[in-house]
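Below: one structure, written as structure tokens.
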Amino acid sequence: MKLLEEYIKNEGKIINGNILKVDQFINHQINPSLMMEIGLELANYFKDKEINKILTIETSGIAPALMCALKMDLPLVFAKKSIPSTMNESYHTKVKSFTKNKINDIVVAKEFINKEDKILFIDDFLANGEAFKGIEDIINQAGAQIMGVGIIIDKTFQSGHEYIINQGYDLLSLAKIRKLEDGDIEFLS
Ligand code: 5GP
């Protein structure tokens, strides 16, 4: 997605060699019109698939997933990173956070996913695929099905991309980065 690549080139900053900081438009401040374009692109790609629900993880997956859910007219569920005291029965798993280097509990209430669900998972970044594997675990616990994966920024040089492809999932990555080096961002076209 050219518009997204432009934003990344103009406003993205490389941190610690392999982390891309995009706080200007995704991870802290959010650009709503860009998010709308992202949502439309995702919705357009997945529109003919049998999908009845969108799933993401808080926090930064919510904005793009919401725009996509709006366009596809589907409910959006976001996995939480801690177990609220108000939650009854839930599916949970543990996910290693790539940027914060800690383990988070990821939880979804049982009432929001079940074995009839055909799910599109959306997230802001794909790095080593830990978040995806956590979601995959929760979806398996629920007996639901993953129909597709939509990623905003896919760092294809890390292992998550290959994992998702090898599992046979339909993956759409809107910006694919093949290299982050010496302050330079190289896209895979
Ligand atoms: P993974 O679980 O695939 O290893 O990493 C994906 C998650 O880590 C994303 O949900 C995102 O929150 C975070 N993440 C991974 N790489 C980056 C990055 O380069 N920049 C930012 N801002 N977040 C990242």
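The values are calculated or read from the model by the stated rules, or taken from the named source; none is laboratory data. Please read these numbers as outputs of a predicted model, since none were measured by experiment. Here the Cβ positions follow ideal geometry from the backbone for every residue, glycine too, while neighbour counts run over all protein chains shown. When the accessible area is computed, the model is the full protein with side chains, heavy atoms only, and any ligands, DNA or RNA have been set aside. Shrake-Rupley method; radii C 1.70, N 1.55, O 1.52, S 1.80 Å.
Here is how the numbers come out for the structure above:
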{"read-out": "Cα-centred dipole magnitude for segment 92-182, charges only on beta-carbon of K, R (+1) and D, E (-1), debye, nearest 20", "value": "200"}
{"read-out": "Accessible heavy-atom area order of 99, 56, 93, highest first, probe of 1.4 Å", "value": "99, 93, 56"}
{"read-out": "Whether segment 18-147 is rounded, prolate or oblate, judged on the alpha carbon gyration tensor where a/c under 1.5 counts as rounded", "value": "oblate"}
{"read-out": "Percentage of interatomic Cα-Cα distances in segment 1-65 larger than 15 Å", "value": "59"}
{"read-out": "Accessible surface of segment 1-82, 1.4 Å probe, proportion on carbon and sulfur as whole %", "value": "50"}
{"read-out": "Degrees separating the helix 2-11 axis from the principal Cα axis of the chain, which is the longest one", "value": "70"}
{"read-out": "Rounded accessible area of residue 149 (nearest 10 Å², 1.4 Å probe)", "value": "0"}
{"read-out": "List 80, 9, ordered by accessible area with a 1.4 Å probe, largest first", "value": "9, 80"}
{"read-out": "Solvent-accessible heavy-atom area per residue, rounded to whole Å², over segment 16-98 at 1.4 Å", "value": "56"}
{"read-out": "Test item: Cα-centred dipole of segment 59-123, Lys/Arg +1 and Asp/Glu -1 on Cβ, debye", "value": "360"}
{"read-out": "Additional length obtainable on full extension of the chain from residue 169 to residue 15, 0.36 nm per residue less Cα span", "value": "52.5 nm"}
